[in-house]
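Some notes on the structure that comes next.
The values are calculated or read from the model by the stated rules, or taken from the named source; none is laboratory data. Not measured: the values here are computed from a predicted model. Methodologically, a virtual Cβ is constructed for each residue, glycine included, from the backbone with ideal geometry; neighbour enumeration extends over all protein chains shown. Calculation scope for accessible area: heavy atoms of the full protein, side chains included, ligands and nucleic acids excluded. Shrake-Rupley method; radii C 1.70, N 1.55, O 1.52, S 1.80 Å.
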Amino acid sequence: MNDPTNPGRPYIPVLLYHAVMDDPPAWIAEFTVTPREFTAQLDAVVASGRTPVTVGTFVAHLTAGAPLPERPVILTIDDGFADLPGPTAEALAERSLPSTAYLTTGAITPGGRSLLPPAPMMTLDQVPLLEQYGMEIGTHTVTHPQLDTLRRDALERELREPREVLEDLLGHEVTHLAYPHGYSSRGVRKAALRAGYTSAVAVRHALSSQTDDTYRIARLIVRRTHTVADVEAWLAGTGVPVAPFPESFKTAGWRWYRRARAAVRGPVFAG
C-alpha cells in the first residue's frame with residue numbers, strides 16, 4: 001500500500017465514475033465509460049489483488065483506527081444515472097465489489113429540480129435497490145451546485161435536504177457527501193461537518209492515503225479517454241500524486257473567479 005515514488009507513504013486509489021453507457025449525452029460524454037470498458041476496468045481491479053472497501057470503511061479507519069485491508073481500493077459513482085441500478089450495479093455485484101454511490105436527489109426525484117442537463121437518470125424509488133446490490137449510499141446535494149459559491153443558507157439547504165430525503169427512504173443515517181464538481185472550501189467543509197456528515201470526497205485527481213483529509217478525500221476521475229492501462233497504473237500507485245497536499249494558488253484563484261461569476265449570473269452547472 002506504499003507509494004512507489006515515496007516508500008513508506010501509504011496510498012489508496014479512490015476511483016470516480018459517472019455514467020456507464022455507449023451513447024451518452026454530449027455534456028457528460030467526457031466522463032462516461034462504455035459498458036465494455038467498465039467491465040474491463042473492474043476486472044483489472046480484481047486482478048490487482050486489491051480489496052475494495054466502501055468510503056465508510058475507509059473513514060472509520062481514518063477517524064477511529066478501524067481495520068483496513070492491506071491493499072484497499074475504493075470505487076465511487078456520482079450523480080445517479082439510469083445505468084446505475086441496472087447493468088452497472090450488476091457488474092459490480094457479479095465481482096463482489098462494494099462501492100459508494102453519491103446521489104443528486106433533485107435529479108432523481110420525479111418533478112425535482114437540478115442543474116444537471118438532461119440525461120437518463122435513475123429514480124428515487126430505485127435507491128433501496130442499490131443497497132440490495134451492496135452499495136453504500138451518500139449524497140451529492142439536491143441540485144448539483146458549486147457549493148463554494150453559495151450563500152450560507154443555500155449551502156446549508158443543499159447539504160441538509162438530501163440527507164433527509166435519503167434517510168427517510170432508507171431508514172438509516174446517510175453521512176457521506178461528494179462535492180459537486182469536486183469544489184469545496186474551508187467554509188464548505190465546516191458546513192458539511194455541521195450538517196452531520198462524517199466524510200466528504202473531492203476530486204483532485206490524486207491517490208488518497210491514510211493521512212488524507214476526511215472532508216476532502218482525493219479521487220481519481222475516470223474519463224472516456226482513460227484505458228485499462230491507466231487504471232492499472234493508478235492501482236499500482238504510479239502517474240499521479242498522493243494526497244494530502246496544499247491547495248494551489250491556481251485553485252484558489254479559480255474559486256474567486258467562480259464566486260464573482262455566480263454573484264452576477266447565479267448558480268450554474270459547470271465551470
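Sub-7 Å Cβ pairs linking a first residue in the range 44-60 that is among the basic types (Lys, Arg) to a second residue that is assigned to a helix (DSSP H, G or I) and crowded, with 20+ Cβ neighbours inside 10 Å, at least 6 apart or interchain, are Arg50/Leu235, ordered by first then second residue.
Conditions: (1) part of a helix (DSSP H, G or I); (2) under 29 Å from Pro162 (Cβ atoms). Arg219 meets all but one. Number of the miss? Result: Arg219 passes all but (1).
Checked against the criterion of being of a type outside the set (D, E, K, R), out of contact with any Gly (no Cβ under 9 Å at 6 or more places or on another chain) and open to solvent by 50 Å² or more (accessible area, probe 1.4 Å), the range 87-97 contains one or more residues that satisfy it. Scanning the range 260-271 for residues that are surrounded by 14 or more Cβ atoms within 10 Å (Cβ to Cβ) and either under 17 Å from Ile217 (Cα atoms) or hydrophobic (A, V, I, L, M, F, W, C) (or both) yields Ala262, Phe269.
Within the range 98-136, restricting attention to residues that are out of contact with any Ser or Thr (no Cβ under 9 Å at 6 or more places or on another chain) and touching a residue at least 60 places away in the same chain (Cβ under 8 Å), the residue that is surrounded by the most Cβ atoms within 10 Å (Cβ to Cβ) is Ala119. One residue stands out in the range 239-259 among those that are in contact with a helix residue (DSSP H, G or I) (Cβ under 9 Å, 6 or more places away or on another chain) and either touching a residue at least 24 places away in the same chain (Cβ under 8 Å) or among the aliphatic types (A, V, I, L, M) (or both): the one that is least open to solvent (accessible area, probe 1.4 Å), namely Arg258. Considering only residues in the range 205-233 that are free of Cβ contacts under 8 Å to residues at least 60 places away in the same chain and touching a helix residue (DSSP H, G or I) at 6+ places or on another chain (Cβ under 7 Å), the one that is nearest to Arg157 (Cα to Cα) turns out to be Tyr215.
Take the conditions (1) within 29 Å of Val268 (Cα to Cα); (2) surrounded by 15 or more Cβ atoms within 10 Å (Cβ to Cβ); Arg194 misses just one of them, which is (2). Hydrophobic (A, V, I, L, M, F, W, C), open to solvent by less than 30 Å² (accessible area, probe 1.4 Å), outside any helix (DSSP H, G or I) and farther than 26 Å from Ala26 by Cβ, is that true of Ala200? Considered against the rule, which asks whether it is hydrophobic (A, V, I, L, M, F, W, C), open to solvent by less than 30 Å² (accessible area, probe 1.4 Å), outside any helix (DSSP H, G or I) and farther than 26 Å from Ala26 by Cβ, Ala200 comes out as yes.
Conditions (1) among the charged types (D, E, K, R); (2) modelled with pLDDT under 95; (3) touching a helix residue (DSSP H, G or I) at 6+ places or on another chain (Cβ under 7 Å); (4) within 20 Å of Leu235 (Cβ to Cβ), marked per residue:
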position	(1), (2), (3), (4)
Pro7	no, yes, no, yes
Leu16	no, no, no, yes
Pro24	no, no, no, no
Thr57	no, no, no, yes
Ala82	no, no, no, no
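Scanning the range 235-271 for residues that are among the hydrophobic types (A, V, I, L, M, F, W, C) and within 22 Å of the chain's Cα centre (by Cα) yields Leu235, Ala236, Val240, Val242, Ala243, Phe245, Ala252, Trp254, Val268, Phe269, Ala270. Of the residues making up the range 231-261, those that are closer than 17 Å to Ala202 by Cβ and assigned to a helix (DSSP H, G or I) are Trp234, Lys250, Thr251, Ala252, Trp254, Arg255, Arg258. Residues in the range 16-34 that are open to solvent by 50 Å² or more (accessible area, probe 1.4 Å) and more than 17 Å from the chain's Cα centre (by Cα) were compared, and the one that is nearest to Arg219 (Cα to Cα) is Trp27. Would you confirm whether any residue within the range 151-171 is surrounded by fewer than 20 Cβ atoms within 10 Å (Cβ to Cβ), in contact with a Pro (Cβ under 6 Å, 6 or more places away or on another chain) and at pLDDT 95 or above? So far as the range 151-171 goes, no, none of its residues is surrounded by fewer than 20 Cβ atoms within 10 Å (Cβ to Cβ), in contact with a Pro (Cβ under 6 Å, 6 or more places away or on another chain) and at pLDDT 95 or above.
Before we move on, is Arg157 assigned to a helix (DSSP H, G or I), over 19 Å from Phe58 (Cβ atoms) and of a type outside the set (A, V, I, L, M, F, W, C)? For Arg157, the condition - assigned to a helix (DSSP H, G or I), over 19 Å from Phe58 (Cβ atoms) and of a type outside the set (A, V, I, L, M, F, W, C) - is met.
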